[in-house]
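Note sheet for the following structure.
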Amino acid sequence: MDAKQPPDQENPISRGRPRSTEVHKRILDATLTLLGEVGVEKLSMESVAQLAGVGKSSIYRRWSSKEALVVDALERVKPEFSTAVQGELHEVLYEMAQSFAHQMNNPLGKQMLSLLISTLSGSSQISESYWENHSLPKTKEISNLLERYIPKEKLRHDTDLDLVSDFIIGFIMYQLLLKPTSSDLDNELKRGIDMILNGIQPK
């Protein structure tokens, strides 16, 4: 009988240790927990490592800085707008707003939005990175949707579509975070969308 080969010859695979997706998730979850408890200024790589039960080296292998880690963690709580709806523009915008609002109009959703806003307001570096990588692309996505409707809806050609997109997003966030939960959210969304469209349609 042939002698058994040494394990490293028997299985000639890469010696590199794969990064655990479970460790990755624990680090991001710990980051979000600490952001909610102490805020971005007091958050440290040491505290994240301790809460996640990993060494700091496990974090630095994945993220080069605290800011990069926080931006990645915020991707897990970012709100989503669907611009794939078809139909008349007011119906498309209303359904987009309603879908987003219903996702977030609950205690957990509002907590996530509050965490997102408080974190971004606490660090200009994180805010700029999040703006470039998430907020601005989403603004452009809504702007592109509006642009497709310019000929059909006869929208004003001098309209700043990015600004209109910001109005839509800001209006929905205001309804979710500052209005009482007992308010008629769907009706307010309809009225708001109508007012925005009245401002960009020819008189």
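Looking at segment 40-57, which of the residues that are assigned to a helix (DSSP H, G or I) and open to solvent by less than 20 Å² (accessible area, probe 1.4 Å) is nearest to GLY122 (Cα to Cα)?
Out of the qualifying residues, it is VAL40.
Only one of these conditions is not met by ILE150: (1) under 24 Å from LYS42 (Cα atoms); (2) among the hydrophobic types (A, V, I, L, M, F, W, C); (3) surrounded by fewer than 17 Cβ atoms within 10 Å (Cβ to Cβ). Which number is it?
Result: ILE150 passes all but (1).
Restricting to segment 8-34, name every residue that is modelled with pLDDT under 90 and open to solvent by less than 100 Å² (accessible area, probe 1.4 Å).
ASP8, ASN11, SER14, GLY16, SER20
Please specify each residue of segment 141-160 satisfying the condition of being of a type in the set (D, E, K, R) and either free of Cβ contacts under 8 Å to residues at least 24 places away in the same chain or at positive phi (or both).
Of segment 141-160, the ones of a type in the set (D, E, K, R) are 141, 147-148, 152-154, 156, 158, 160.
Matches in segment 141-160: GLU147, ARG148, LYS154, ASP158, ASP160.
Checking the conditions here, which among GLU132, GLU91 is closer than 20 Å to LEU185 by Cβ, of a type in the set (D, E, K, R) and either open to solvent by 40 Å² or more (accessible area, probe 1.4 Å) or modelled with pLDDT of 85 or more (or both)? Outline the logic, then answer.
Details: GLU132 fails: closer than 20 Å to LEU185 by Cβ.
After ruling out the rest, the residue left standing is GLU91.
Do we have any residue at all in segment 63-86 that's under 20 Å from ILE27 (Cβ atoms), of a type outside the set (Asp, Glu), open to solvent by 50 Å² or more (accessible area, probe 1.4 Å) and at pLDDT 90 or above?
Taking segment 63-86 as the starting set, the residues that turn out to be under 20 Å from ILE27 (Cβ atoms) are 63-78.
When the remaining residues are screened for being of a type outside the set (Asp, Glu), the result is 63-66, 68-71, 73-74, 76-78.
Remaining after also requiring open to solvent by 50 Å² or more (accessible area, probe 1.4 Å): 64, 76, 78.
Pick out the ones that are also at pLDDT 90 or above and you get 64.
So far as segment 63-86 goes, yes, one or more of its residues are under 20 Å from ILE27 (Cβ atoms), of a type outside the set (Asp, Glu), open to solvent by 50 Å² or more (accessible area, probe 1.4 Å) and at pLDDT 90 or above.
If we scan segment 157-172, do we find a residue that is modelled with pLDDT under 90 and not polar (S, T, N, Q)?
Yes, segment 157-172 contains at least one residue that is modelled with pLDDT under 90 and not polar (S, T, N, Q).
The values are calculated or read from the model by the stated rules, or taken from the named source; none is laboratory data. As the structure is a computational prediction, the values presented were derived from the model and not from experiment. Every residue, glycine among them, receives a Cβ derived from its backbone with ideal geometry; neighbour counts consider all protein chains shown. Accessible surface is based on the protein model in full, side chains and every heavy atom, while ligands, DNA and RNA are left aside. Shrake-Rupley method; radii C 1.70, N 1.55, O 1.52, S 1.80 Å.
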